[in-house]
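One structure is given below, encoded as structure tokens.
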Amino acid sequence: MNKRANTAVLQIKSLNKSYGALSVTDDVSCELYPGEIHTLIGPNGAGKSTLIGQIAGWIKPDSGAIYLGNEDISKMSVAKRSRMGLGRSFQVSSLAMELSARRNVMLAVQARQGSSFRFWKAVDTDQSLIVEADEILKKLHIDDYKHVVAAELSHGKRRELEVACAMALKPKVLLLDEPMAGLDPSSTQGLVEFLLKLKETIPILLIEHDMDAVFKLSDRISVLVYGKLIFSGSPEEIKNSSDVKSAYLGED
Amino acid sequence: MISTPRIMTREKIINTGLLCLLCCAAIAAYFLDQGYYVNLISRIVVFAIAGIGLNLALGFGGMVSLGHAAFFGIGGYIAGISSQHFLDNTDVLLGLSGTNQMLTIWLITIIVNAVLALLIGLISLRTTGIYFIMITLAFAQMIYYFAISWPSYGGEDGLLISERNQLFTIATDNELFFFLICFSLLIFFLWISSRIIHSRFGAALEVARMNHVRLATVGINPFPIKLVAFIFSAVITALAGALFADLNRFVSPDMLSWQMSGEIIIFILLGGLGRLLGPVIGATIFVLLETFIGGYTEHWKLFLGLFLLATVLFAKGGLMQIIAGKKQHE
Ligand SMILES: Nc1ncnc2c1ncn2[C@@H]1O[C@H](COP(=O)(O)OP(=O)(O)OP(=O)(O)O)[C@@H](O)[C@H]1O
Ligand SMILES: [Mg+2]
């Protein structure tokens, strides 16, 4: 893989964030290159979700910069970043719970089409939304659930639905916060295969605790402990690193 | 919960039935020479329109505005002030004479309230929850006290409208004709708000209420969506205010009071939050209690309170949920 800095799709430059005396992001720099899955692992409370939050725009870093392609997105709103091409899923699902799975994806399709100030035509018969939403649901093997309201989906299915919504945005980058948590083994297998295919077109910054999935998926793994990136390398290097073992893997 | 288009039709049938009932009741009352009751039904209809306006913001957009009386009252004052200047043959502002034509008055009401709602919305929608409630209330109270202390238009006493404004050459003095004007506008705004709610804009608005994090995550900024809905909402409520002034031939600061804001919220809560016909049902119950229990005791609001309590405790979706079932989303 060519790792010249200017090819990075997503670039985080010396990001810092602390809550009072607690430093949750401590001078973190990392990149995401085309075609790869870069996984962040680390113990609970290491600051992984906070990092994703800063990239997506919900949490304001104290200092540092975030680049999507060549563009500094650190000052943009959440919605603007999404439109620029950041797709994400949450550790705790954040969906329109009263709407069906299909309607959740349709909203994302609508957002991508940039057409939310249309006041007249009915959405529920809008083929340009339905067809595309159904295609995405099918790709993620959750089209059986398309008429089920999000509130009645299992936690696992909600995560998959969030990935589907992110896909509908045709993002340049995906940020996935523990997408496998709560999935049964066969769904996990399905999602692993899906992500492996997907990374060819959309690079993924992944947070995941399921180490089997992590080793199957990752091109590169970075270890975050107390807000600091202590190690970054291939899955093989991670397995063989004694630092990582003592700091993280050993605790498992 | 799998969506069943059948229930939608059931709700539609119930909606149509209720509207027909309202219309027939007014016509029957008119031909039985009961002008008083025709006006009473017009009162229901006008309140319902005010509620339909607020329902867009509150029911569908989740914006708990305690300041919609500002729009309702300003609509009323525009009708009253314009009529006064027309009858006195004086200018409202430099060179701008009064009119008694409803269409012109409505147009002015729309413009003035859209601008006002834009300003209030720009400030208040930066906040949520209790702060939003307080800011909308504060704006309405400012306008209320302004109206009270402005002697040229009656101040505390309000302003009499000696002749109802005119729609073309229709005899608006006739109870039935006036009712039909109100009723047509009710149908019109029901239709408009139904279209809006089911449109792409409506989808975004409902998600702004359900989960603004989701909306921003797909790339739609909730703020402009809510702002536009707030403006639509204000304009519809303001038009109801203009009709209300003509109906009563009177406009007073009461229309601008926080109690009025509260009553519009009550119409919605009684009928069903975020239900298309909720405000119609709520306004009907309100006016019936006001008239019939209010005829026996001036403490009728105690009964209103009990009724509201029962609705909130036992039928969160309002009466609409009891008759038509739960609100359905595909
Ligand atoms: N708003 C906040 N105020 C104060 N502390 C916070 C806040 N948000 C997060 N934290 C703290 O920051 C640390 C990092 O949290 P974060 O959710 O990023 O961890 P994580 O690596 O995602 O953990 P997990 O694996 O459990 O999801 C935690 O100690 C958490 O308690
Ligand atoms: Mg986390």
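Residues of region A:199-222 with the amide nitrogen closer than 16 Å to a label point 7 Å from the Cα of A:H141, along Cα-to-Cβ, please.
The answer is A:213, A:217, whose backbone nitrogens lie closer than 16 Å to the label point.
Give the distance, in whole Å, between the Cα centre of region A:168-215 and the Cα centre of region B:43-61.
45
Among B:S252, B:S97, which comes first, second and so on when ranked by fewest other beta-carbon atoms within 10 Å?
Fewest-to-most ranking of B:S252, B:S97: B:S97, B:S252.
Using the structure shown, select from A:K13/A:K75; A:K48/A:K199; A:K138/A:K170; B:K226/B:K316; A:K75/A:K228; A:K157/A:K216 the pairs with a Cα to Cα distance greater than 18 angstrom.
A:K48/A:K199; B:K226/B:K316; A:K75/A:K228; A:K157/A:K216
What dipole magnitude, in Debye to the nearest 20, does the protein assembly as shown give about its Cα centre under +1 on Lys/Arg Cβ and -1 on Asp/Glu Cβ?
With Lys and Arg at +1 and Asp and Glu at -1, about 920 debye.
DSSP loop trypsin sites (Lys or Arg not before Pro) in region A:96-133 with at most 15 other Cβ atoms within 10 Å of their Cβ, which ones?
Those satisfying the criteria are A:K121.
Using a 10 Å cut-off on Cβ to Cβ distances, tally the other chain neighbours for every residue of A:98-105 and report the average as a whole number.
Counting Cβ atoms of other protein chains within 10 Å of each residue's Cβ and averaging gives 4.
Just to be sure I understand the curve: with the Debye formula and one point per C-alpha of chain A, what is log10 I(q)/I(0) at q = 0.10, 0.12, 0.13, 0.17 Å⁻¹?
Evaluating at q = 0.10, 0.12, 0.13, 0.17 Å⁻¹ gives log10 I(q)/I(0) of -0.48, -0.70, -0.82, -1.34.
How much FRET efficiency would the formula 1/(1 + (r/R0)^6) give for B:F177 and B:N89, where r is the Cβ-Cβ distance and R0 is 45 Å, rounded to 0.05?
0.95
Distance between Cα centroids, region A:126-150 to region B:93-148: provide it in whole Å.
Computed from Cα coordinates, the inter-centre distance equals 43 Å.
Can you give the average number of partner chain beta-carbon atoms within 10 Å of each beta-carbon in peptide A:79-89, as a whole number?
Mean number of neighbouring Cβ atoms from other chains: 3.
Which percentage, to the nearest 5, of the DSSP beta bridges contained in chain A is antiparallel?
55
Pick out, from B:I265, B:L32, B:S194, the residue whose Cα sits farthest towards the positive end of the charge dipole of chain B, with +1 on the Cβ of Lys and Arg and -1 on the Cβ of Asp and Glu.
Farthest towards the positive pole: B:S194.
Spin-label point model (7 Å from Cα, Cβ direction): what's the B:I27 to A:Q91 distance in nm?
So the label points at B:I27 and A:Q91 sit 6.4 nm apart.
What is the local net charge at B:G51, summed over the other residues whose Cβ is closer than 14 Å to its Cβ (Lys, Arg +1; Asp, Glu -1)?
Here the charged neighbours net out to +1.
Would you kindly give the portion of the calculated P(r) for chain B that falls above 28 Å, as a percent of all Cα pairs?
Tail fraction, whole percent: 40.
Hey, if you drop one equal point scatterer on each alpha-carbon of the protein assembly as shown and run the Debye formula without solvent, what base-10 log of I(q)/I(0) do you get at q = 0.11 Å⁻¹?
Ignoring solvent entirely, the Cα scatterers give -0.99.
At a Förster radius of 30 Å, what calculated FRET efficiency corresponds to the Cβ-Cβ distance of A:K239 and A:A181, to the nearest 0.05?
0.85
Which whole-angstrom value gives the distance between the alpha carbon centres of region B:220-297 and region A:48-81?
Between the Cα centre of region B:220-297 and that of region A:48-81, the gap is 43 Å.
Among the aspartates and glutamates, which fall within straight-line cross-link reach of A:K245, defined as a Cα-Cα distance under 16 Å, with same-chain neighbours fewer than 8 residues apart omitted?
Straight-distance partners of A:K245: A:D210, A:D212, A:E236, A:E237.
Show the residues, 5+ positions off or on another chain, whose built amide H is closer than 5 Å to the amide H of B:Q101.
Amide H to amide H, under 5 Å and 5 or more residues apart or across chains, B:Q101 pairs with B:Q166.
Through the Karplus equation 6.51 cos²θ - 1.76 cosθ + 1.60, θ set to phi - 60°, convert the phi angles of region A:223-233 into ³J(HN,Hα) values in whole Hz; use x for Gly and Pro.
10, 10, 9, 6, x, 10, 7, 9, 7, 8, x
Residues of A:108-115, mean number of Cβ from any other protein chain within 10 Å of their own Cβ, rounded to a whole number?
Going residue by residue through A:108-115 and averaging, the value is 4.
For the protein assembly as shown, build the charge dipole from Cβ charges (+1 Lys, Arg; -1 Asp, Glu) around the Cα centre, then report which of A:S29, A:F194, A:A151 sits farthest towards its positive end.
A:F194
Helix A:185-198: angle to the longest alpha-carbon principal axis of chain A, degrees 0 to 90, nearest 10?
Computed tilt is about 90 degrees.
How far is helix A:155-168 tilted off the main Cα axis of chain A, in degrees rounded to 10, range 0 to 90?
80
Please arrange A:M211, B:M255 by how many other C-beta atoms lie within 10 Å of their C-beta, fewest to most.
Least crowded to most crowded, the residues run A:M211, B:M255.
Treat every Asp and Glu Cβ in chain B as -1 and every Lys and Arg Cβ as +1, leave all other atoms uncharged, and give the resulting dipole magnitude about the Cα centre to the nearest 20 debye.
Charge dipole, chain B, about its Cα centre: 1600 debye, nearest 20.
Tell me, what ³J(HN,Hα) does each residue in region A:106-115 have, in order and in whole Hz, if you take phi through Karplus 6.51 cos²θ - 1.76 cosθ + 1.60 with θ = phi - 60° and put x for Gly and Pro?
4, 4, 5, 4, 4, 4, 5, 5, x, 9
Could you check the spin-label model distance between B:F168 and A:S18? Points 7 Å from the Cα along Cα→Cβ, value in nm.
Once both label points are built, they end up 7.5 nm from each other.
I'd like to know which of A:V131, B:G317, A:L95 lies farthest towards the positive end of the charge dipole of the protein assembly as shown, counting +1 on Cβ of Lys and Arg and -1 on Cβ of Asp and Glu.
Comparing the listed Cα positions along the dipole, A:V131 ranks first.
Taking 2.2 N^0.38 Å as the expected size of a compact globular protein, what ratio does the Cα radius of gyration of region B:13-158 give against it, to two decimals?
After normalising by residue count via 2.2 N^0.38 Å, the value is 1.25.
Using all Cα-Cα distances in region A:94-170, what percent lands in each 5 angstrom bin from 0 up to the longest?
3, 18, 31, 25, 15, 6, 2, 0
Could you list B:M210, A:M167, B:M142 in order of exposure, starting from the residue whose Cβ has the fewest other Cβ atoms within 10 Å?
Going from sparsest to densest Cβ surroundings: B:M142, B:M210, A:M167.
In nm, give the distance between the simple-model label positions of B:K12 and B:F188, each being 7 Å from the Cα along the Cα-to-Cβ direction.
2.4
Explain nothing, just compute: Karplus ³J(HN,Hα) = 6.51 cos²θ - 1.76 cosθ + 1.60, θ = phi - 60°, for every residue of region A:207-219 in order, whole Hz, x for Gly and Pro.
10, 7, 9, 6, 5, 4, 4, 4, 6, 5, 8, 7, 8
Rounded to the nearest 0.05, what FRET efficiency do A:K60 and A:S246 give with R0 = 30 Å and r taken as the Cβ-Cβ distance? Could you check?
0.35
About the Cα centre of region A:94-170, how large is the charge dipole given +1 on each Lys and Arg Cβ and -1 on each Asp and Glu Cβ? Please answer in debye to the nearest 20.
220
Each value in this text was obtained by applying a stated rule to the coordinates, not by laboratory testing. Keep in mind that what you see is a predicted model, and the values were worked out from it rather than measured. We place every Cβ from the backbone using ideal geometry, glycine too, and count neighbours over all the protein chains shown.
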